[in-house]
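Written below as structure tokens is the structure these notes are about.
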Ligand code: ITT
């Protein structure tokens, strides 16, 4: 009888296609297949009731790991605008309603900052990644990308708030730079690269 070795893979607990595109690119050299929750056939409505990005990432990764028993990663992220005391922050997806278009959300944020000078427009994207292992261990990492809120909607790449997130050193929004450059600079790229290191170490430890 031929025993097929179970393929090692990571299930990524996200329903956000924009995130998933970036995650696949960033994790493509991991030596493990990365599948979305949908590809793994898991449907889950998870209540993100944490107060920090880390708490919510852990809630999502644990909930899906308990359902499938595989290695599960989750990303909880958002945009913090200093002039708005850190809003929308952990409520970034829910800001003005989950189903409201980003054209409307982005225009509303630009309007709130209409006469605010450049030095008060600082903002950052934050990403927490959690990885829940079948043995119960949970790893977490965090990445940040600093920028300012721009003055108009610009660019077609990326997703969500990218068209209003301006990177002064590039003279472009994160929706105008290439996907490769965004992954190099981004909160998600940083958090996931750190998670790759942690997960490799954790898996090596488990094999010892
Ligand atoms: P999942 O929980 O299914 O992963 P979600 O979209 O609900 O998807 P979050 O709760 O983590 O995910 O919300 C993150 C929101 O923050 C996301 O919907 C965007 O509005 C914003 N966001 C995060 N990273 C971003 C990025 O790289 N570019 C633009 N907007 C981003």
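The values are calculated or read from the model by the stated rules, or taken from the named source; none is laboratory data. Fair warning: this is a prediction, and the values are worked out from it, not measured in the lab. Positions of Cβ are generated from backbone atoms using ideal geometry, with glycine treated the same way; all protein chains shown enter the neighbour counts.
Take segment 151-184 and flag every residue that is outside any loop (DSSP other than H, G, I, E, B) and closer than 28 Å to residue 33 by Cα. Reasoning before the result, please.
From segment 151-184, those outside any loop (DSSP other than H, G, I, E, B) are 162-167, 172-173, 179-184; that's our starting set.
Across segment 151-184, the qualifying residues are 162, 179, 180, 181, 182, 183, 184.
Taken as a whole, the structure leaves residue 136 outside the set of residues that are more than 14 Å from the ligand (Cβ to nearest atom) and farther than 30 Å from residue 47 by Cα.
Go through 28, 105, 60 for me and flag whichever is more than 24 Å from residue 180 (Cα to Cα) and more than 13 Å from the chain's Cα centre (by Cα).
Numbers: 28 fails: more than 24 Å from residue 180 (Cα to Cα); 60 fails: more than 13 Å from the chain's Cα centre (by Cα).
From the options 28, 105, 60, the qualifying one is 105.
Residues that are touching a residue at least 40 places away in the same chain (Cβ under 8 Å), part of a strand (DSSP E or B) and over 25 Å from residue 39 (Cα atoms) were ranked within segment 69-102; the one that is nearest to the ligand (Cβ to nearest atom) is 79. The set of residues in segment 155-179 being surrounded by 14 or more Cβ atoms within 10 Å (Cβ to Cβ) and away from the ligand (no atom under 13 Å from the Cβ) consists of 172 alone. Cβ separations smaller than 7 Å between residues 6+ apart or across chains give the following pairs from segment 117-132 residues that are over 23 Å from residue 202 (Cβ atoms) and away from the ligand (no atom under 14 Å from the Cβ) to residues that are modelled with pLDDT of 95 or more and in a helix (DSSP H, G or I): 120/83; 121/83; 122/82.
Of all residues in segment 8-20, those that are within 16 Å of residue 44 (Cα to Cα) have Cβ atoms under 7 Å from Cβ atoms of residues that are near the ligand (Cβ under 7 Å from one of its atoms) and in a helix (DSSP H, G or I), 6 or more apart or on another chain, in 13/60. The sole residue among 48, 43 that is at pLDDT below 95, in contact with a strand residue (DSSP E or B) (Cβ under 9 Å, 6 or more places away or on another chain) and under 18 Å from residue 20 (Cβ atoms) is 48.
Report yes if some residue within segment 126-144 is loosely packed, with under 14 Cβ neighbours inside 10 Å, at pLDDT 95 or above and part of a strand (DSSP E or B); otherwise report no. Yes, some residue in segment 126-144 is loosely packed, with under 14 Cβ neighbours inside 10 Å, at pLDDT 95 or above and part of a strand (DSSP E or B). Is it the case that segment 185-203 has a residue that's part of a loop (DSSP other than H, G, I, E, B) and within 18 Å of the chain's Cα centre (by Cα)? There is at least one residue in segment 185-203 that is part of a loop (DSSP other than H, G, I, E, B) and within 18 Å of the chain's Cα centre (by Cα). In the set (1) surrounded by 14 or more Cβ atoms within 10 Å (Cβ to Cβ); (2) over 23 Å from residue 167 (Cβ atoms); (3) within 12 Å of the ligand (Cβ to nearest atom), the condition left unmet by residue 53 is number (2). Of all residues in segment 27-37, those being touching a helix residue (DSSP H, G or I) at 6+ places or on another chain (Cβ under 9 Å) and either within 11 Å of the ligand (Cβ to nearest atom) or assigned to a strand (DSSP E or B) (or both) number 3.
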